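First up is the structure itself, then whatever we jot down about it.
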Amino acid sequence: MSNLDSQTTINNLASEYCQKGNPTGWFEEIYSQANQNPANIPWANLSPNPYLTEWLSQYSGMTSNALVVGCGLGDDAEILQQTGFNVTAFDVSTTAINWCKKRFPNSEVNYLTADLFNLPSAWQNQFNLVWECRTIQALPLDVREKVIQAISSMVKPLGTLLVVTHFRENKVTSPIGPPWPLNDLELNLFSKYGLTENKRTLSYSNKGTEILNLKYLKN
């Protein structure tokens with residue numbers, strides 16, 4: 001499958017599921033059709049995110065509990081666990097979660113299937129660190145605030161949220177996706193749900209796309 005074919009397939013699947021009112025349903029189809037070949041998952045790098053790796057290298061606080069949103073194949077969850085965090089990692093795709101368990105059979109990470117639109121109530125305000133890497137941007141604009149609210153709600157008071165997302169300028173026209181990059185108007189919604197932006201850095205993908213690396217603190 002070429003990159004063009006892969007992106008076309010993803011766009012068509014995402015559009016189909018969004019029209020059905022199930023904006024997260026296409027992830028399971030992508031993972032199940034991959035036949036355990038990570039090369040068929042366009043966003044799977046099989047290595048931890050560089051921003052997370054850098055943040056952990058400079059982190060001097062006490063390790064505690066962490067949540068990984070949309071954990072994919074588990075590399076970010078594993079580096080958090082190796083650093084000493086007690087990690088819960090979830091994905092809407094059961095195939096992805098089973099794949100994580102197969103890749104890391106001796107892992108202490110608690111891998112679970114869960115949906116951002118129906119999260120366990122026990123997770124509310126429970127995590128000292130929440131890691132969100134490119135999950136929000138994979139969901140359409142009309143559910144964005146609901147997703148941001150859900151992610152914000154899982155951060156403990158005085159806890160930290162780390163976000164990685166493709167970035168777009170504030171424009172009236174909607175972006176073509178997925179991914180649907182976030183803009184500042186959407187990122188400012190985190191403040192509505194009790195988080196304050198503490199730091200941001202800008203990097204670029206290998207295709208020249210702007211990527212924001214953000215740190216928020218819960219009030």
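Can you tell me which residue is nearest to Pro140 (Cα to Cα) among those in the range 2-33 that are in a loop (DSSP other than H, G, I, E, B) and touching a residue at least 24 places away in the same chain (Cβ under 8 Å)?
Across the range 2-33, the extreme among qualifying residues is Pro23.
So, Gly208, is that one in contact (Cβ under 8 Å) with a residue 24 or more places away in the chain and either among the small types (Gly, Ala, Ser) or out of contact with any strand residue (DSSP E or B) (no Cβ under 9 Å at 6 or more places or on another chain) (or both) or not? No. Of all the residues in the range 149-191, those that are without any contact (Cβ under 8 Å) to a residue 40 or more places away in the chain and touching a His at 6+ places or on another chain (Cβ under 7 Å) number 0.
Scanning the range 151-166 for residues that are under 26 Å from Gly25 (Cβ atoms) and open to solvent by 20 Å² or more (accessible area, probe 1.4 Å) gives Ser153, His166.
Of the residues that sit in the range 47-63 and are in contact (Cβ under 8 Å) with a residue 12 or more places away in the chain and not in a helix (DSSP H, G or I), which one is surrounded by the fewest Cβ atoms within 10 Å (Cβ to Cβ)? Only one residue fits best here, namely Ser47.
The residue list Ala114, Ala77, Ala66, Ala96 contains one member that is closer than 21 Å to Phe190 by Cα and either surrounded by 14 or more Cβ atoms within 10 Å (Cβ to Cβ) or within 17 Å of the chain's Cα centre (by Cα) (or both), which is Ala66. Filtered by the rule that a residue be closer than 18 Å to Arg134 by Cβ and either at pLDDT below 90 or open to solvent by 60 Å² or more (accessible area, probe 1.4 Å) (or both), the range 29-46 gives Asn40, Pro42, Trp43, Asn45, Leu46. Examine the range 117-136 for a residue that is under 30 Å from Pro175 (Cα atoms) and free of Cβ contacts under 8 Å to residues at least 12 places away in the same chain, and state whether such a residue exists. Looking through the range 117-136, at least one residue is under 30 Å from Pro175 (Cα atoms) and free of Cβ contacts under 8 Å to residues at least 12 places away in the same chain. Has the range 203-213 got at least one residue that is open to solvent by 20 Å² or more (accessible area, probe 1.4 Å), assigned to a strand (DSSP E or B) and either more than 29 Å from Leu13 (Cβ to Cβ) or at pLDDT 90 or above (or both)? The answer is yes; a qualifying residue exists.
Within the group Pro140, Pro105, which residue is more than 23 Å from Arg200 (Cβ to Cβ) and either aromatic (Phe, Trp, Tyr) or loosely packed, with under 14 Cβ neighbours inside 10 Å (or both)?
One residue alone meets the criteria, Pro105.
The values are calculated or read from the model by the stated rules, or taken from the named source; none is laboratory data. Given the structure is predicted, the values throughout are model-derived calculations rather than measurements. Every residue, glycine among them, receives a Cβ derived from its backbone with ideal geometry; neighbour counts consider all protein chains shown. With ligands, DNA and RNA removed, areas are computed over all heavy atoms of the protein, side chains included. Shrake-Rupley method; radii C 1.70, N 1.55, O 1.52, S 1.80 Å.
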